[in-house]
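Every read-out reported here was derived from the displayed coordinates using simple, explicitly stated rules and does not represent laboratory data. Worth saying up front: this structure is predicted, and the values here are computed from it rather than measured. We place every Cβ from the backbone using ideal geometry, glycine too, and count neighbours over all the protein chains shown.
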There are 6 protein chains.
Amino acid sequence: MTTERYERGWEKLMEVDGKGGTNVIQSLKDISPDLGRFVIEFAFGDIYPREGLDLRQRQLVTISSLTTLGGCEPQLTVHINAALNVGLSPKEIVEAILHCVPYTGFPRVLNATFVAKEVFKERGIMMQDQQKDSSS
Amino acid sequence: MTTERYERGWEKLMEVDGKGGTNVIQSLKDISPDLGRFVIEFAFGDIYPREGLDLRQRQLVTISSLTTLGGCEPQLTVHINAALNVGLSPKEIVEAILHCVPYTGFPRVLNATFVAKEVFKERGIMMQDQQKDSSS
Amino acid sequence: MTTERYERGWEKLMEVDGKGGTNVIQSLKDISPDLGRFVIEFAFGDIYPREGLDLRQRQLVTISSLTTLGGCEPQLTVHINAALNVGLSPKEIVEAILHCVPYTGFPRVLNATFVAKEVFKERGIMMQDQQKDSSS
Amino acid sequence: MTTERYERGWEKLMEVDGKGGTNVIQSLKDISPDLGRFVIEFAFGDIYPREGLDLRQRQLVTISSLTTLGGCEPQLTVHINAALNVGLSPKEIVEAILHCVPYTGFPRVLNATFVAKEVFKERGIMMQDQQKDSSS
Amino acid sequence: MTTERYERGWEKLMEVDGKGGTNVIQSLKDISPDLGRFVIEFAFGDIYPREGLDLRQRQLVTISSLTTLGGCEPQLTVHINAALNVGLSPKEIVEAILHCVPYTGFPRVLNATFVAKEVFKERGIMMQDQQKDSSS
Amino acid sequence: MTTERYERGWEKLMEVDGKGGTNVIQSLKDISPDLGRFVIEFAFGDIYPREGLDLRQRQLVTISSLTTLGGCEPQLTVHINAALNVGLSPKEIVEAILHCVPYTGFPRVLNATFVAKEVFKERGIMMQDQQKDSSS
């Protein structure tokens, strides 16, 4: 019945979130499978493929929203990976999180920054600033 | 002085939260014992025994509030157990959490759903949907 | 394309929220019409018609979630009306809001209670307790 | 002492927020003038002029953070104006707010969308979708 | 039955919140009278009279918590008045709100500061800084 | 360029947060070093050294704000240590957290209380109430 939205959503989920996203869907299978279906159909089938913002802009918005919400470390892990997948640079991601300080304060921004640090470490990413910094 | 409320609250805490609730009170003994006393007297002595909603309705409200708050995984663990104790079915609990998506978004709902998954696993509960699902 | 979900959602929106809901959709027409469409298709087409919880249970969950979120007075107005529409009694609604005190504190509960007071006044509802109370 | 940061911040505040921003600073003069100074020096002197994100990206992040926080309608008014000032299109702004639905739910997104509607109305902006929509 | 806590709470409510507090209780009479009773018995009968912090310290904590919560402007109005009632200076109140910026960001702090401005205006309070400022 | 604020902030950070604070700054070095710089310059260089509130009052406000925010356990660990460093007693800290119950509910207060319990344990602090309690 909802095949078309589901397929479009699944493709977008694969493109944006990759393995991190499919793991979430998989882990919902035996507890709330329709929740996973709604993530695919609604978030990735309805919202992500829309015109108006490109995927890099959408990930800026997503990361800012998750940073501000707080307590969403697992989702931030997935979406910081996704931000890299769609072409945001590590510097842009760290800067987007930092830009939230005036609006949501240091604690939420610190927590999100440490999630980014973990993601970058797992992907073997070294910040350019870090390289410059280590030479001083 | 507050014996009556305390006793009524303790009984209700035992009925609703069971061991999960008494563990919380116990762990407060050496740091903030009156906080534990207020949980018993106010939350369970004053609020829970009131007319107007039965215990199953109260646990729907509690789970929805904790899901929405976010960052309350330990309290959700206690109250998803409590929801089962007062007769809500696993399906009703998962559905109540899912129903919060339009109001509070996917991340808080995902976090609460994974708490439910842990609680059900510890209690050896298998979702009916899961059984059907595994046959497909 | 999405006709079936939209129609099912529109019917459910009419049944649950009535005029309050359609006003929201109408006011989105000239600024973000697809947001209105997603409210209909996703919240009311996908979530509300599901099995697992009846409409009275769903409105308990909705009111608890909106009370806890805070800053959602317009949505509470719509959904307290909706709660009455699907058969929750004024007493159950007030009690559900009150039950959130231990989880989200007095300020959010006070704000939600005053929204209920406005809704009841507009609908000419007088609380039973109020009648008893006024005789004392 | 802090002249340089203050001047850089004031210029940036004028560029980004324009009159809406200076009104806020002005209204703080007789109650908490240093709070206004910190908005200028820190938010606009330290954060906004940084490299890593351009002003259009920064306003996407700001609007997403304020939408998610909730209860920030006055700040959203200023920053939706600011988003237009730095070159985001009305469509991008509405889309950024809409993109927050999966993360923060409908109520916060509805509230932010109605703020955008007010700002656009005051500035005489008509959405392109609206024009198409009105012809149907 | 709960007379002693109620009386102790009512006295404390009168001492701390004064007319602002009793107005809230009064306005709950016909919608959720027990909610008003719990404010008196629990918040003012159980918590406020405790040792460990004096009333000025308690109001610092209260104002900080309400500022951080957001969307609690009515409660902030009552408790900024209360803070003045128990002997906090206008400067201490404004400074406590300002001190929350690093933790909760500018928007919540701006909103709380403008509530303080209204309260001070109604009570004819002029900030010392304001006097110095107006001479410059 | 910002040497003076940075030095003043670093000194204040050392005085208030001690090792817990410098660890945070250190762990930001290779991911977002300017975020660490802003914590020092803005939070500790601009805000903490201000007149209007002494350090004990500031830590009451900080702990109350972090308790209310939720999901800030790492920051609470640092700032409960800081509260002890500037002379608040364990009893005052526990009481400040407890005082937040009426405003933010039990779950956030329980989470903060258990952070305090960990901090006190690490520092070998035993609550006086605990000693009395253990004799009963």
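Compared with the dominant Cα axis of chain A, that is its longest principal axis, helix A:106-122 is turned about 80°.
Neighbours of F:GLY21 by Cβ distance under 11 Å: Lys/Arg scored +1, Asp/Glu scored -1, total 0. Legend: mean number of C-beta atoms from other chains within 10 angstrom of residue C-beta atoms, peptide D:39-48, equals 5.
Shielding by partners for peptide D:66-79, expressed as the average number of C-beta atoms from other protein chains within 10 Å of each residue's C-beta, is 6.
Scan segment F:46-114 for GluC sites (Glu not before Pro) in coil per DSSP, keeping those whose Cβ has at most 16 other Cβ atoms within 10 Å, and list them by number. It would help to have the intermediate numbers written out before the result.
Details: sites: F:GLU51, F:GLU92, F:GLU95; in loops: F:GLU51.
Counting only loop positions with at most 16 other Cβ atoms within 10 Å, the GluC sites (Glu not before Pro) in segment F:46-114 are F:GLU51.
Each copy carries a label point for D:GLU122 at 7 Å from Cα along the beta-carbon vector; from one copy to the others these points are 2.5, 2.5, 4.3, 4.7, 5.1 nm apart, nearest first. Shown for C:THR104, F:THR113, E:THR67: other C-beta atoms within 10 Å of each C-beta, ranked fewest to most, produce the order F:THR113, C:THR104, E:THR67. Annotation for E:ASN23, label-to-label distances across the other copies: 2.6, 2.6, 4.7, 4.8, 5.4 nm (shortest first, one decimal, point 7 Å from Cα along Cα→Cβ).
The chain F residue nearest the rotation axis shared with chain D, using its Cβ and rounding the distance to whole Å, is F:PHE42, 3. Shape annotation for the protein assembly as shown: C-alpha extents along the principal axes are 68, 66, 49 Å, from largest to smallest.
Chain F: percent of C-alpha pairs farther apart than 19 Å? Taking all Cα-Cα pairs of chain F, the fraction more than 19 Å apart is 53 percent. This model, with +1 at the C-beta of Lys and Arg and -1 at the C-beta of Asp and Glu, gives the protein assembly as shown a dipole about its Cα centre of some 0 debye. To the nearest ten degrees, helix A:55-69 and the longest principal axis of the Cα atoms of chain A are 80 degrees apart. Comparing mean-square fluctuations of F:ILE63, F:ILE125, F:ILE40 from a GNM of chain F with C-alpha springs under 10 Å, the top value falls on F:ILE125. In order along segment F:84-90, phi translates into HN-Hα couplings of 5, 4, 8, x, 6, 7, x Hz, rounded to whole numbers, per the Karplus curve 6.51 cos²θ - 1.76 cosθ + 1.60 with θ = phi - 60° and x for Gly and Pro. Calculate I(q)/I(0) for segment B:1-67 by the Debye formula, one identical point scatterer on each C-alpha and no solvent, and give its log10 at q = 0.12 Å⁻¹ to two decimals. Listed by q, the Debye log ratios stand at -0.30.
Coupling constants for segment B:73-82 follow from the phi torsions by the Karplus curve (6.51 cos²θ - 1.76 cosθ + 1.60, θ = phi - 60°), and in residue order they are 4, x, 5, 5, 4, 4, 7, 6, 4, 4 Hz; glycine and proline get x.
Listed by chain and number, the aspartates and glutamates whose C-alpha is less than 16 Å from the C-alpha of B:LYS12, apart from same-chain residues fewer than 8 away, are B:GLU4, B:GLU41, B:ASP46, B:GLU51, B:ASP54. Remark: E:TYR103, B:TYR48 ranked as B:TYR48, E:TYR103, counting other beta-carbon atoms within 10 Å and listing the fewest first.
Remark: D:VAL101, A:VAL109 ranked as A:VAL109, D:VAL101, counting other beta-carbon atoms within 10 Å and listing the fewest first.
In chain E, the longest principal axis of the Cα atoms and the axis of helix E:3-16 are about 20 degrees apart.
Within segment C:1-35, list the residues whose amide N lies under 20 Å from a label point set 7 Å along Cα→Cβ of D:LYS121. Counting only backbone N, you get C:20-35. Excluding C:TYR103 itself, what net charge comes from residues whose Cβ is under 13 Å from its Cβ, given Lys and Arg +1 and Asp and Glu -1? Around C:TYR103, the charge tally is +3. Note that segment F:33-47 has calculated 3J(HN,Hα) couplings of x, 5, 4, x, 4, 5, 4, 5, 5, 8, 5, 9, x, 8, 8 Hz, one per residue in order, obtained from phi through the Karplus relation 6.51 cos²θ - 1.76 cosθ + 1.60 (θ = phi - 60°); glycine and proline are x.
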